[in-house]
Amino acid sequence: MLRRSGYECILASNPTQAIEAVRTTEPDLALMDMNFTASVSGEEGLELLRRTKVLAPDMPVILITAWGSIPLAVEGMRLGAADFVTKPWVNAELLRRISTILSLKTPQAQKAPTDDFDRSGIIGNNEELQAVLAMAARVAPTDASVLILGENGTGKELIAEAIHRNSQRRDKPFVKVNLGGVSQSLFESEMFGHKKGAFTGAIADRVGRFELADGGTIFLDEIGELDLGSQVKLLRVLQEHTFEPLGDSRTRRTDVRVICATNASLEQMVKEKTFREDLFYRINLITLTLPSLRRRSDDIPALVDYFAGKASARIGRKAPRFTAAALRRLSALPFPGNVRELSNLVERILILSAGPVIDEADLAPCLPVAQPQNDQSLESIENQRILDAMRRSGDNVTKAAALLGLSRQALYRRLQKMNN
């Protein structure tokens with residue numbers, strides 16, 4: 001199959017031959033089984049992986065294992081494997097993974113052609129943001145799974161949309177799923193669909209999100225909110241690219257690219273055993289970490305100008321000009337809700353200020369009563385902003401979260417931390 005697809009193949013029937021091939025031919029990639037003798041412990045494969053990584057640390061290795069031996073593959077990922085496939089594999093999917101991993105190694109991919117990258121709606125030239133966009137430009141043409149990390153409001157969804165828009169799947173669907181809003185009882189119906197009569201209340205057939213995304217990209221936001229039971233079901237469809245709607249025994253195949261996002265520390269959740277390690281490795285072939293707005297305050301003037309233009313068009317007025325003093329004041333704020341909070345704040349300023357020029361004094365009605373002092377810690381400044389938003393919303397968490405540009409779950413977590 002590999003030769004028919006244009007690859008030059010070297011075969012090794014035991015670890016000794018494999019090590020000799022790595023030493024003498026410097027392969028671009030290795031496909032490696034976990035067992036070579038009567039033993040089925042997988043230790044032979046792990047030992048061979050360790051030895052090949054010493055000889056060729058940059059050579060990607062794809063492990064081949066049985067579904068029941070996925071923990072072995074996870075151990076291999078810890079040792080430096082690039083990916084794993086389970087038996088029986090699907091030829092087209094295996095070829096796609098090989099192509100993706102090899103394309104990320106090519107010199108052309110290393111050049112990151114950001115000039116050709118459509119970054120519509122992503123404003124700013126901060127150095128950290130540019131590094132994220134450069135990596136996004138590299139991975140967009142591939143089918144690599146991408147994990148986008150960052151605080152709420154940093155623009156994770158915008159980056160996901162940009163990757164899809166610059167991919168070979170751009171003409172196919174981009175399906176967004178907020179996993180934080182999907183309960184465990186509805187997960188299978190939402191993601192895989194159901195047949196009429198599959199359960200009480202199923203009065204008609206429903207098409208699931210994976211079927212809707214077929215041929216395109218599925219964006220799984222807030223994946224850190226997914227319970228362990230649903231994680232198992234998600235892992236199986238990501239691994240095998242097959243699913244069965246509730247009430248239907250017919251297996252369906254889906255061809256999707258997966259992009260996930262979260263503001264949680266999945267590595268910490270793996271340590272705490274609240275997030276499956278095998279799923280973690282499946283979704284993060286490439287990881288992009290978005291900087292908070294506090295770390296890219298140099299982009300605030302450009303963002304203010306952009307949001308002022310959008311808000312002015314919505315409310316039917318000419319976009320005002322922000323003075324240098326007003327921009328300095330805005331740039332000094334901590335913005336726990338990041339870019340989303342800034343967008344909400346700019347719109348509020350425009351609604352309350354009718355003049356063609358907005359100065360520092362015009363910001364006062366829209367900012368917290370207690371202004372941050374230089375000797376305050378970032379945490380205390382954020383706590384002040386949260387308490388002020390709660391006061392202004394009458395202790396309504398949903399309204400306070402909207403004022404801050406946070407999700408309800410993120411605000412709940414911050415309030416719990418403040419109360420501990």
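The values are calculated or read from the model by the stated rules, or taken from the named source; none is laboratory data. For clarity, every value in this text was computed on a predicted model and none was experimentally measured. Virtual Cβ from ideal backbone geometry, glycine too; neighbours counted across all protein chains shown.
State yes or no: is Arg96 assigned to a helix (DSSP H, G or I) and among the basic types (Lys, Arg)? So Arg96 passes the test. What do you reckon, is Thr323 closer than 19 Å to Leu158 by Cβ and surrounded by fewer than 18 Cβ atoms within 10 Å (Cβ to Cβ)? Taking the combined requirement at face value, the residue does not satisfy it. Flag set for Phe335, criterion: closer than 20 Å to Asn126 by Cα and in a loop (DSSP other than H, G, I, E, B). Could you please give the count of residues in the range 28-61 that are touching a strand residue (DSSP E or B) at 6+ places or on another chain (Cβ under 8 Å) and in a helix (DSSP H, G or I)? The number of residues fulfilling the criteria is 5. Scanning the range 298-334 for residues that are in contact (Cβ under 8 Å) with a residue 60 or more places away in the chain and either assigned by TED's automatic domain parsing to the domain that holds Glu151 or under 19 Å from Glu128 (Cα atoms) (or both) turns up Asp298, Asp299, Ala302, Leu303. Taking the stated definitions as given, is Ala81 crowded, with 20+ Cβ neighbours inside 10 Å and part of a loop (DSSP other than H, G, I, E, B)? The answer is yes for Ala81.
Got at least one residue in the range 106-120 being assigned to a helix (DSSP H, G or I), under 19 Å from the mean Cα position of the chain (by Cα) and more than 24 Å from His241 (Cβ to Cβ)? No. In the range 241-259, the residues that are more than 17 Å from Leu95 (Cβ to Cβ) reach residues that are aromatic (Phe, Trp, Tyr) and modelled with pLDDT under 85 with C-beta atoms within less than 9 angstrom, at least six apart or across chains, in these pairs: Leu246/Phe199; Gly247/Phe199. Checking the range 24-41 against the condition returns a match, with at least one residue being assigned by TED's automatic domain parsing to the domain that holds Arg51, modelled with pLDDT under 90 and of a type in the set (Asp, Glu). Within the range 292-317, being among the basic types (Lys, Arg) and at pLDDT 90 or above holds for Arg294, Arg295, Arg296, Lys310. Candidates in the range 5-27 are the residues that are of a type in the set (Asp, Glu) and in a loop (DSSP other than H, G, I, E, B); of these, the one that is farthest from Thr52 (Cα to Cα) is Glu8. Please indicate, with yes or no, whether at least one residue in the range 95-113 is touching a Pro at 6+ places or on another chain (Cβ under 8 Å), in the same structural domain as Arg50 (by TED's automatic domain parsing), among the aliphatic types (A, V, I, L, M) and surrounded by 17 or more Cβ atoms within 10 Å (Cβ to Cβ). Within the range 95-113, one or more residues are touching a Pro at 6+ places or on another chain (Cβ under 8 Å), in the same structural domain as Arg50 (by TED's automatic domain parsing), among the aliphatic types (A, V, I, L, M) and surrounded by 17 or more Cβ atoms within 10 Å (Cβ to Cβ). Here Ala92, Ala109 are screened, and the one residue that is of a type in the set (A, V, I, L, M), at pLDDT below 90 and touching a Lys or Arg at 6+ places or on another chain (Cβ under 7 Å) is Ala109.
Exactly one residue among Ser189, Ser230 is part of a helix (DSSP H, G or I), over 22 Å from Tyr281 (Cβ atoms), assigned by TED's automatic domain parsing to the domain that holds Lys271 and among the small types (Gly, Ala, Ser), and that residue is Ser189. Of the candidates Glu75, Glu20, the single residue that is more than 30 Å from Pro291 (Cα to Cα), at pLDDT below 90 and out of contact with any Pro (no Cβ under 8 Å at 6 or more places or on another chain) is Glu75.
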